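The next block holds one structure in the form of structure tokens; read it before the comments.
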Amino acid sequence: MWMGDFNHFNLLGLVLQSVFIENFLLVNFLGMCTYLACSTKLKTANGLGIAVVFVLTVSGVLNWLLHRFVTGPGALSWLSFIGVDAERIDLGFLEFLLFISVIAGFTQILEIIIEWASPALYMSLGLYLPLIAVNCAILGACLFAVTRDYPFIPNLIYVLGSALGWWLAIALIAAIREKLAISNIVPGLRGMGITFIMSGLMSMAFMGFTGIKLANPAPPQVATWGEEPAAENEEPILDSRDPSLPTISFLSLSH
Amino acid sequence: MSSSKQSVLVFFTSQVWTNNQVLIAILGICSALAVTNRLSVAITMGISVSFVTAFSSFFVSLLRKYTPDNVRMITQLAIISVFVIVIDQFLRAFFFDISKVLSVFVGLIITNCIVMGRTEGMAKNVAPIPAFLDGLGAGTGYAIVLIIIGFFRELFGFGQLFGYQVIPLEWYASAENPEGYENFVLMVSPPAAFFLIGGLIYVFRKLQKTA
Amino acid sequence: MPESKRPLLSPNQYTLFFIICLSFICALILSLLASALKEPQQNAMELDRNKQLLIAAKILSPYGYFLVEDEGETFKPAKFSDQGYLVPSEDKIIPSGTEIMQVFRRRVSPFLVNAKGEETTFQKAGINEQAYIADYKKSGYYTQREKLIYKIFGNVPEGKTPAVQGYAIPLNGMGLWDAIYGYIAFKPDGNTVIGTSWYDQKETPGLGANIAEPLWQSQFLGKQLFQESADGKTDFKSAPLGIVVIKGRVSEVLGNSPKSHNSVDGMAGATLTGNGVTNAFRDCLAPYRPFLIKIHRSYKTGEGK
């Protein structure tokens, strides 16, 4: 549950994958709206980015727990310790609703805490928090992480990396937009038009990262097939896995 | 009587043309870029968003006098989520192939800025029927943009429309015809969507200026 | 006594009451909907999986209509007639989901083989079929002690006993982005391929996702699972097992050499997905080798009669 079949090298690969290769903004296109419609300065972009990193990482973890213990397949089996057999109950249809509630709720609580703890921080950051609750990237990252079935630590790394990648992309676009604002652009394309074209070019640049495959647990060595058949008297089947295959499973529990 | 009907329809048409959510207000971009690879998927997404926006606006407007102000946002989110889940369950039961392609993007309709934009911006201030039409118009405007983008991407990226081969197979490069046509594969990947929308914004603005 | 103007609930209490009502109503609506749609959803999933197996076995065309075999390894459109027997038809009729399921149940039968190549059924092995299929979809049926395989029966009218037309093995692999799942169907000689399909893949559309396109899949017909050695003979015990997706076109790179019989064209710009497919074949077919050798031997002795 914690690390699954991932080793530390895989985690590094996962960071690279979520920050660069599958950059949330430039490859998966999530989180553009809030950004495009309201900020053209690097400073605001950084503010947004930091807020997203924080909210996404914590929500990602909370939603993983939610998926694991409430809405995922077979998730309610922990109820068996109070005597209720709830393993076959499938609450998956509530997932969207619960996820977005967690995100919105956490954002609200965070806003209250920041306002109470540090008014100065609230002045600079607090305005973005309501916007972030409805940021596609947050819900998207939580949902993607859940479809991929990562164990706990890889999930944490994945949401953290996605948020960092989002921040990176936002900062890059804002920096370019600051320069574009004083450039000589075709009148029809000024503002949004050129921003899109520029984002497209950046997206192409990020495509150059495709193919770096460090993130997935190693595939097994090819099962060697010897001349001798398997032992005549086998033990009763306690574990249904074929004993002649290596123990690292191809598609681990995490995938 | 006819004048009130006129003004109510304005809610619909303004959302489709003058205030098109994607090209003028620049909202709902995320999904417009990600699911427009194929026309069938783009249309499904457009219809889903229209459905969700229209009905969420309707119910938010219905409840607007009873909703306490400090839980306004979460109420809107809850109502939107319910309709999105309805769409998701429905797709998975009856249009399984398309739901496989859309996968998590159906869920992302919840955070689609268009939906929230309409409920927060319009629905809580007006009566249910105008709110419904406003939402429907916003969704329709969005769907039209998606269809245009999907059309170009599928045609040039795959040579097909709705899965039917439109560019004749004989034109394609092969062992006998090395100089033949090849699909413009970039169209299928993310950057092309950016370029197309940038271009569409340009065209749309020109059309609006001269209209 | 409260004044007549004081509201029933304080603002906070009202908020709480409102939220509770809202949550309850939302949950109620969704639960009702989910339970009503649960069966259609599961049917849709099962139908999708089974359709892909039928596509691999060339019983269903990727474009939706049934197929029957014609002379010389070609296939022509067919339609559903009584109880699932397929007759040739002029038009390409798209069958309904129930018809597809009926044909599937009639012509495809799942069973299990173990590492020694011995067959058994789910019943004899004491394994629940539904649970087995759901539980090991991700980790791969080939990793289990009892491995899933399907027998494909021929198209015969009601009342006649069909012969075994082929077998299908489920495949698991890792593409560029995520796991890929598919089927490979082959003839009773344990070597010649009928077809393949990939029903669950999240590869790059236009590039790696071509593995799900009919055009790329059509080149699998007639390929061999076991690699021929240079002298044209195949040593089933030691030859590499599995179709290889090469870089470039088979006709240019391998011509008509023995290796070309178990290779297919690569996809430009999708080398890694192609490698994933090659690895999937290699890893998933290896545990079935004893069984393949067994059926090849019995096919040979059957032919010699």
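The values are calculated or read from the model by the stated rules, or taken from the named source; none is laboratory data. Computed from a prediction, not measured in an experiment: that's the story for all the values here. Cβ sites come from the backbone with ideal geometry, for glycine too, and all protein chains shown count toward neighbours. Surface accessibility is based on the protein's heavy atoms, side chains included, excluding ligands, DNA and RNA. Shrake-Rupley method; radii C 1.70, N 1.55, O 1.52, S 1.80 Å.
Quick notes on this structure:
- Residues in region C:251-305 that are closer than 19 Å to C:S229 by Cβ, open to solvent by less than 10 Å² (accessible area, probe 1.4 Å) and more than 14 Å from chain A (Cβ to nearest Cβ): C:S260, C:N262, C:S263.
- Residue that is nearest to the chain's Cα centre (by Cα), among those in region A:162-194 that are open to solvent by less than 20 Å² (accessible area, probe 1.4 Å) and within 16 Å of B:L200 (Cα to Cα): A:G193
- Considering residues of region A:12-33 that are in a helix (DSSP H, G or I) and open to solvent by 20 Å² or more (accessible area, probe 1.4 Å) only, the residue nearest to the other protein chains (Cβ to nearest Cβ): A:Q17
- Of the residues B:M73, B:M122, the single one that is closer than 30 Å to B:L200 by Cβ and more than 18 Å from the chain's Cα centre (by Cα) is B:M122.
- Region C:75-113, subset out of contact with any strand residue (DSSP E or B) (no Cβ under 8 Å at 6 or more places or on another chain) and open to solvent by less than 70 Å² (accessible area, probe 1.4 Å), residue nearest to C:G126 (Cα to Cα): C:F104
- Checked against the criteria, C:K223 does not count as under 18 Å from C:I295 (Cβ atoms) and either within 14 Å of chain B (Cβ to nearest Cβ) or surrounded by fewer than 21 Cβ atoms within 10 Å (Cβ to Cβ) (or both).
- Here C:Y199 meets each of (1) part of a loop (DSSP other than H, G, I, E, B); (2) touching a strand residue (DSSP E or B) at 6+ places or on another chain (Cβ under 8 Å) with one exception, condition (1).
- Test: C:K202 is among the charged types (D, E, K, R) and either within 14 Å of chain B (Cβ to nearest Cβ) or crowded, with 23+ Cβ neighbours inside 10 Å (or both): yes
- Residues that are part of a helix (DSSP H, G or I) and polar (S, T, N, Q), drawn from region A:103-125: A:T107, A:Q108, A:S124
- Taken together, the residues in region B:77-89 that are under 12 Å from C:L30 (Cα atoms), more than 7 Å from chain C (Cβ to nearest Cβ) and either of a type in the set (A, V, I, L, M, F, W, C) or open to solvent by 10 Å² or more (accessible area, probe 1.4 Å) (or both) amount to 5.
- Among the residues listed as C:I59, C:I29, C:I20, the single one being β-branched (V, I, T), modelled with pLDDT of 85 or more and buried (at least 16 other Cβ atoms within 10 Å of the Cβ): C:I59
- The number of residues in region A:107-136 being farther than 24 Å from A:L36 by Cα, open to solvent by less than 90 Å² (accessible area, probe 1.4 Å) and of a type in the set (D, E, K, R) comes to 0.
- Residues in region B:91-105 that are in a helix (DSSP H, G or I) and without any contact (Cβ under 8 Å) to a residue 60 or more places away in the chain: B:L91, B:R92, B:A93, B:F94, B:F96, B:D97, B:I98, B:S99, B:K100, B:V104.
- Long-range neighbours under 7 Å by Cβ, at least six apart or interchain, first residue at negative phi and within 8 Å of chain B (Cβ to nearest Cβ) within region A:185-203, second open to solvent by 40 Å² or more (accessible area, probe 1.4 Å) and of a type in the set (D, E, K, R): A:G188/B:R205; A:G188/B:K206
- Residues that are at pLDDT below 85, more than 9 Å from chain B (Cβ to nearest Cβ), under 30 Å from A:L12 (Cα atoms) and part of a helix (DSSP H, G or I) within region A:126-157 comprise A:L129, A:I132, listed in sequence order.
- Residue in region B:18-35 that is out of contact with any Phe, Trp or Tyr (no Cβ under 7 Å at 6 or more places or on another chain) and within 12 Å of chain C (Cβ to nearest Cβ) present: no
- Against the test of being within 15 Å of the chain's Cα centre (by Cα) and open to solvent by 10 Å² or more (accessible area, probe 1.4 Å), the options C:A125, C:A212, C:A185 yield a single qualifying residue, C:A212.
- Checking each residue of region B:120-128 against the condition of being within 12 Å of chain C (Cβ to nearest Cβ) and free of Cβ contacts under 8 Å to residues at least 40 places away in the same chain gives no match.
- So C:I29, is it touching a strand residue (DSSP E or B) at 6+ places or on another chain (Cβ under 8 Å) and part of a helix (DSSP H, G or I): no
- None of B:Y164, B:Y202 is modelled with pLDDT under 85, surrounded by fewer than 20 Cβ atoms within 10 Å (Cβ to Cβ) and out of contact with any strand residue (DSSP E or B) (no Cβ under 8 Å at 6 or more places or on another chain) except B:Y164.
Yes/no matrix, rows are residues, columns are (1) more than 13 Å from chain A (Cβ to nearest Cβ); (2) assigned to a helix (DSSP H, G or I); (3) more than 14 Å from the chain's Cα centre (by Cα):
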residue: B:G117; (1), (2), (3): no, yes, no
residue: B:D134; (1), (2), (3): yes, yes, yes
residue: B:G139; (1), (2), (3): yes, yes, no
residue: B:G150; (1), (2), (3): yes, yes, no
residue: B:E170; (1), (2), (3): yes, yes, yes
